[in-house]
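S.K.: One structure coming up, written as structure tokens, with questions to follow.
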Amino acid sequence: MKKNQIVLIRVVSVAILMAALALILIFGAGSTVFTKIIKDLNNGGVTSGASAVSVYNLVCYKGMNAIYQIIFGIALFTTIVGFAGVFFRIKGTDICLNTAIIFDVVTGVYLILAYVLEKNKFMHKVFAKIYLGEFDTQFTAVRLIKLHVLIAGILLILVSLLASAIVKSSGIPKMAIYKAESNLGWLLIIPLFFTSLIFDVAREWAIRIASGYSDVSGQLYDILKDYYFGDKFLFSMPKWLIVFVASVITLFIMGVLRIHLKRIFAVIMGAVFTAAALIRCVVFWMNPPAIFGTLSYNENVCDMTDRAGAAYMICFVLDIFFITILAVLCIICAQKKFFELKNILIITIGYAIISIAAILILGFGGISAIYAGCGVIDVIASSALLYLAYKS
């Protein structure tokens, strides 16, 4: 067998292994490993005894889920982009493959540890201290994570190690068609890292702290997150899923249709995703969940919730526009350079610092002021990103 044929077989094997890892992530583990348990605990779907519905169990699974969503999101995204990159010969695939293997292993290890340490009191105590500030030593832990989660974790590690060996032997990291110019390959995955860490974790953490400045703001935040928008389509989705969908669509068009996308495509995608978010907001606004008589008989609280809900939806729409154009511009730039990696880092890091600081300050003005401030920062960041892209 000729050397070229051997290389081709190994390259195809890499794509097959990436597809296998993606299937294990989606069907073996899934993004709802912990959220389903949390939902069952909240809705009385757990029948393992009174100890299972303890608040200490609930906050423990919330803590595990917060960490898992970041790891899982990055693992799934880089794995699928790595798979698409091998077939469509996308520059930056080398970085995606290496990142995917690392995070697939990390995800597998995390699932195994979550299963093994599920009943560990020290872990429950840590999350109880974070969420509740206290811990009852009489608390009894129970097992709610299914065995298939453990099996999925083991498979992720084994297949990832095999994929690592095949990637190295295939020579993909050294091939010009897969290797991005300079450090541009990082542009493929920076939007997901940024969205997972800042939008889905850091900003929510800051809003929770800032809303706690007053009892009313804290109450409104809980109503918005757990009842008003909780479990509502699109509103309750992690923001990294938006980046994921926008990136996959962009890669599909570039790879399958062989179109060299222009920068205007980012604006078009941003407009399409924003329009979908707007439609969702209008539908929700026409059919809002009942508050008066359900959660409160205080008309002032109900009116404040409606106002906060409106601010939340405006911020949600502007969030979608910003992260969509960020994801699409980064993918296009990774293939055809039109701005420096450091410029994207300046915008994203600046956004993170300014938004967190603004939230902590605006918390004194109430929950509506927080979301209004976040929306303004989205507009400024989107404008800076578009200016950077089109002046280059």
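S.K.: Please go through (1) at pLDDT 95 or above; (2) open to solvent by 20 Å² or more (accessible area, probe 1.4 Å); (3) hydrophobic (A, V, I, L, M, F, W, C); (4) over 19 Å from the mean Cα position of the chain (by Cα) for Phe364 and return the number of the only condition it doesn't satisfy.
M.R.: It fails just one condition, (1).
S.K.: Right, another one. Out of the stretch 11-46, which residues are charged (D, E, K, R) and modelled with pLDDT of 85 or more? Don't jump to the end; show me each part of the working.
M.R.: Pass one, the stretch 11-46, residues charged (D, E, K, R): 36, 39-40.
Scanning the stretch 11-46 gives a single hit, Lys36.
S.K.: Let me ask you something else. So which residues in the stretch 224-235 are in a helix (DSSP H, G or I), touching a residue at least 40 places away in the same chain (Cβ under 8 Å) and crowded, with 17+ Cβ neighbours inside 10 Å?
M.R.: Across the stretch 224-235, the qualifying residues are Leu224, Tyr228.
S.K.: Determine, yes or no, whether Ile359 is open to solvent by less than 10 Å² (accessible area, probe 1.4 Å) and in contact with a Lys or Arg (Cβ under 8 Å, 6 or more places away or on another chain). First the steps, then the outcome.
M.R.: On the way: open to solvent by less than 10 Å² (accessible area, probe 1.4 Å): yes; in contact with a Lys or Arg (Cβ under 8 Å, 6 or more places away or on another chain): yes.
Considered against the rule, which asks whether it is open to solvent by less than 10 Å² (accessible area, probe 1.4 Å) and in contact with a Lys or Arg (Cβ under 8 Å, 6 or more places away or on another chain), Ile359 comes out as yes.
S.K.: Could you list, in sequence order, all residues of the stretch 182-223 that are closer than 17 Å to Asn98 by Cβ and either open to solvent by 50 Å² or more (accessible area, probe 1.4 Å) or without any contact (Cβ under 8 Å) to a residue 24 or more places away in the chain (or both)? Break it down stepwise before answering.
M.R.: So the first thing to find is which residues in the stretch 182-223 are closer than 17 Å to Asn98 by Cβ, and the list is 182-190, 192-193.
Answer for the stretch 182-223, where residues must be closer than 17 Å to Asn98 by Cβ and either open to solvent by 50 Å² or more (accessible area, probe 1.4 Å) or without any contact (Cβ under 8 Å) to a residue 24 or more places away in the chain (or both): Ser182, Asn183, Trp186, Phe193.
S.K.: A further question follows. For the stretch 258-293, name all the residues that are outside any helix (DSSP H, G or I) and of a type in the set (A, V, I, L, M, F, W, C). Working first, answer last.
M.R.: First, pick out the residues of the stretch 258-293 that are outside any helix (DSSP H, G or I): 258-263, 287-293.
Ile259, Leu261, Ala290, Ile291, Phe292 - these are the residues of the stretch 258-293 that are outside any helix (DSSP H, G or I) and of a type in the set (A, V, I, L, M, F, W, C).
S.K.: Hey, does the stretch 12-28 have a residue that's open to solvent by 40 Å² or more (accessible area, probe 1.4 Å), in contact (Cβ under 8 Å) with a residue 40 or more places away in the chain, within 23 Å of Ile151 (Cβ to Cβ) and under 23 Å from the mean Cα position of the chain (by Cα)?
M.R.: Yes, there is a match, as at least one residue in the stretch 12-28 is open to solvent by 40 Å² or more (accessible area, probe 1.4 Å), in contact (Cβ under 8 Å) with a residue 40 or more places away in the chain, within 23 Å of Ile151 (Cβ to Cβ) and under 23 Å from the mean Cα position of the chain (by Cα).
S.K.: Moving on to the next point. Can you tell me which residue among Ala352, Ala277, Ala384, Ala334 is closer than 30 Å to Thr93 by Cα and open to solvent by less than 10 Å² (accessible area, probe 1.4 Å)?
M.R.: Details: Ala352 fails: open to solvent by less than 10 Å² (accessible area, probe 1.4 Å); Ala277 fails: closer than 30 Å to Thr93 by Cα; Ala384 fails: open to solvent by less than 10 Å² (accessible area, probe 1.4 Å).
The conditions single out Ala334.
S.K.: Looking at Ala327, Ala334, Ala308, can you tell me which residue is modelled with pLDDT under 90, within 30 Å of Ala180 (Cβ to Cβ) and in a helix (DSSP H, G or I)?
M.R.: It is Ala334.
S.K.: Here's another thing I want to ask about it. Considering every residue within the stretch 124-131, establish whether at least one is modelled with pLDDT under 90, open to solvent by less than 70 Å² (accessible area, probe 1.4 Å) and under 23 Å from the mean Cα position of the chain (by Cα).
M.R.: yes
S.K.: Output yes when any residue across the stretch 161-175 is modelled with pLDDT under 80 and farther than 26 Å from Gly30 by Cα, and no when none is.
M.R.: Yes, because at least one residue in the stretch 161-175 is modelled with pLDDT under 80 and farther than 26 Å from Gly30 by Cα.
S.K.: Could you list, in sequence order, the residues of the stretch 91-116 that are crowded, with 24+ Cβ neighbours inside 10 Å and farther than 15 Å from Gly30 by Cα?
M.R.: Result: Gly92, Thr93, Ile95, Cys96, Leu97, Ala100, Ile101.
S.K.: Another question, if that's okay. Suppose we filter the stretch 303-315 for residues that are open to solvent by 10 Å² or more (accessible area, probe 1.4 Å) and out of contact with any Leu (no Cβ under 8 Å at 6 or more places or on another chain); how many remain?
M.R.: 7
The values are calculated or read from the model by the stated rules, or taken from the named source; none is laboratory data. Please read all numbers here as calculations on a predicted model, not as lab measurements. Positions of Cβ are generated from backbone atoms using ideal geometry, with glycine treated the same way; all protein chains shown enter the neighbour counts. In case anyone asks, the SASA skips ligands and DNA or RNA and just uses the protein heavy atoms, side chains included. Shrake-Rupley method; radii C 1.70, N 1.55, O 1.52, S 1.80 Å.
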